[in-house]
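The values are calculated or read from the model by the stated rules, or taken from the named source; none is laboratory data. The structure presented is a predicted model; accordingly, all values stated were derived computationally and were not measured. Neighbour counts are summed over all protein chains in view; Cβ atoms, including those assigned to glycine, are modelled from backbone coordinates with ideal geometry.
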Amino acid sequence: MDTVLAFVAAAAATAFSLDLWANHRHRPHVAAYGVGITMFAAATWALWAGLQYGWTGIAYRVFYLFGAVLNIPFLALGSMFLVVGRRSGNTMAVLLGALTAIATTLTTTVAFANPLPASGIPEDIFSSGFSPRLFAIIGGASGSTILVVLAVVSIARFWSANRRIVWANLLILAGTLAAATGGTGLAIGEASAFAVSLFVAVTLIWAGHRVASGARRSQPPI
């Protein structure tokens with residue numbers, strides 16, 4: 001079942017990312033969402049390949065970096081641009097660039113603490129401490145916190161003026177929290193619901209983006 005869900009989630013994330021990149025039109029929030037969902041796609045294809053054909057070091061590192069560490073912060077960056085504005089989004093992008101550089105270096109170079117399993121979704125492959133597991137927790141927690149705060153801001157700011165933006169951010173928040181739950185579980189060694197969380201997440205985030213796109217047609221560009 002995990003293999004089937006991973007394939008469906010990967011196909012959906014790929015279609016969604018292509019839709020985003022085809023319609024971003026130099027809008028920074030759409031570009032940030034595009035990066036985040038492209039990471040979703042890469043992570044879920046790596047997950048599917050690992051489940052279907054067996055895990056390799058490269059497949060697991062791609063899966064972990066893009067599925068547990070970086071995707072949530074980039075989705076939060078998209079909401080930062082959408083709700084707060086370009087200046088705050090640019091500041092967050094600089095900080096996220098530093099996080100990305102450190103997390104990518106660690107995830108691609110740190111030795112595995114435990115061997116990859118013959119089947120199933122790997123757990124506890126990296127050691128605790130200053131390792132990719134730490135950055136998965138940081139990325140998931142900080143990204144989710146930013147999204148919760150921005151959802152509250154959007155309710156207060158747009159409830160009367162443009163309620164579609166409110167619903168869009170709530171859908172994106174729900175999807176991101178689903179992904180963060182799976183990613184944090186993976187980081188602490190509980191991977192059983194990860195494929196389900198990715199499928200639910202990509203569906204909700206795609207719906208939120210479509211609602212946001214409709215809402216922004218009547219709004220000045222950020």
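So the values come out like this:
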quantity	calculated
Checklist (1) without any contact (Cβ under 8 Å) to a residue 12 or more places away in the chain; (2) buried (at least 23 other Cβ atoms within 10 Å of the Cβ) applied to G97, failing item	(2)
Selection count where residues are over 25 Å from L147 (Cα atoms) and surrounded by 12 or more Cβ atoms within 10 Å (Cβ to Cβ), scope region 100-113	5
Test result for N90, in contact with a helix residue (DSSP H, G or I) (Cβ under 9 Å, 6 or more places away or on another chain) and among the polar types (S, T, N, Q)	yes
Unmet requirement for T109, which otherwise passes all of (1) modelled with pLDDT of 90 or more; (2) under 17 Å from V30 (Cα atoms); (3) hydroxyl-bearing (S, T, Y)	(2)
Selection status of A31, assigned to a helix (DSSP H, G or I), closer than 21 Å to A93 by Cβ and either touching a Pro at 6+ places or on another chain (Cβ under 6 Å) or at pLDDT 85 or above (or both)	yes
Criterion: within 21 Å of V200 (Cβ to Cβ), in a helix (DSSP H, G or I) and either of a type in the set (K, R) or in contact with a His (Cβ under 6 Å, 6 or more places away or on another chain) (or both) - qualifying residue of G78, G36, G50, G67	G78
Lone qualifier among S119, S88 - being surrounded by fewer than 23 Cβ atoms within 10 Å (Cβ to Cβ), part of a helix (DSSP H, G or I) and polar (S, T, N, Q)	S88
Residue satisfying all of: in region 42-68; free of Cβ contacts under 8 Å to residues at least 60 places away in the same chain and within 16 Å of T105 (Cβ to Cβ); surrounded by the most Cβ atoms within 10 Å (Cβ to Cβ) among these	F66
The listed residue being modelled with pLDDT of 90 or more and at positive phi, out of G85, G54, G89	G54
